[in-house]
Amino acid sequence: MEREIPMFPLSSVVLPGQTIALHIFEDRYRELVTHLLRLPETQRRFGIVSIREGYEVGDAGVQSIHRVGVEVRLTDVTEHEDGRYDVTVEAGSRIRLDAGVTSESFMWGHVTELDEPVGDDADLEADRAHAIFDAYRTELNRFRLDASVEALPNDPVELSYVLASSAVLTLPDRQELLEADDAASRLRSYRALVRDEIAAMRAVPSLPAVDVARTSWSPN
């Protein structure tokens, strides 16, 4: 069923299950937070989609956005004296942005919640993804680094997002994983991407640009 919710274009891809921190200082997004704080806690939700072209800030702003994103729940808010906010949000279900609605301040969107099919051979793909993740951690250990994921879930859908959020990926690659038709396809794509990353790490004996934390900080 289509719903209308506030939207927040972001210069990174947020995956279901992630917790992220946002520093809110632009007027339009300060108005978004103010709007949410007027609502009951259970209704403090908005959508995040990644920016395809443009920037979060500046006069040029957002030129185009991806249509698949996530709905997030506002969980923590710190308001500063100058009107800025530091907020924490938890990402829930995937959404598809069917139409954007312009307003005088922040953006609204007509969105549809997307299903999470498992796909064919999901258990087999999960086992293979486990194996490539173990190989990835072995490579990270050579640099005295580690992927900050504790116990991996058994459910293929949840596993696909946990692994996707723990890998070093470009925005297009991460968006591709978010948009995958099902968990099995996402796990296959994850495996191919991480296999390439492992090959690169073995070929270049230097410290990789690893950022595998499930919490990130983003200006707007």
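Backbone amide hydrogens, once placed in the peptide plane, bring LEU10 within less than 5 Å of VAL49, SER50, ILE51, excluding anything fewer than 5 places away on its chain. For region 182-196, the residues whose amide N sits under 19 Å from a probe point set 7 Å from the Cα of ASP123 along the beta carbon direction are 183-188.
Close amide H partners of SER93, meaning residues 5 or more places away or on another chain with modelled amide H under 5 Å apart, are GLU71.
For region 2-7, 3J(HN,Hα) computed residue by residue from phi via the Karplus equation (6.51, -1.76, 1.60; θ = phi - 60°) reads 6, 10, 10, 9, x, 10 Hz, glycine and proline entered as x.
Each residue of region 96-110 was assigned a 3J(HN,Hα) from its phi angle through the Karplus curve 6.51 cos²θ - 1.76 cosθ + 1.60 (θ = phi - 60°); the sequence is 10, 7, 7, 7, x, 10, 6, 9, 6, 10, 7, 7, 10, x, 7 Hz, with glycine and proline shown as x.
Rounded to the nearest Hz, the phi-derived 3J(HN,Hα) couplings of region 122-128 under the Karplus curve 6.51 cos²θ - 1.76 cosθ + 1.60 (θ = phi - 60°) are 5, 5, 5, 5, 5, 4, 5, where x marks glycine and proline.
For the set GLU113, GLU139, solvent exposure ranked by accessible area (probe 1.4 Å, protein chains only) runs largest to smallest as GLU113, GLU139. Mind giving me the nanometre distance, one decimal, between the label points for ARG52 and GLU113, set 7 Å out from Cα along Cα→Cβ? Here the answer is 2.6 nm between the modelled labels. Split the accessible area of region 69-150 by element, probe 1.4 Å, and carbon with sulfur accounts for 42%.
Peptide packing for 91-97, 13-19 was compared via the average number of neighbouring C-beta atoms within 10 Å per residue; ordered from the highest value, the list is 13-19, 91-97.
The values are calculated or read from the model by the stated rules, or taken from the named source; none is laboratory data. Bear in mind that the values here come from a model prediction, so they are computed numbers and not experimental data. Quick reminder, even Gly has a Cβ in these numbers, built from the backbone with ideal geometry, and neighbours come from all protein chains shown. SASA here: full protein model, heavy atoms, side chains in, ligands and nucleic acids out. Shrake-Rupley method; radii C 1.70, N 1.55, O 1.52, S 1.80 Å.
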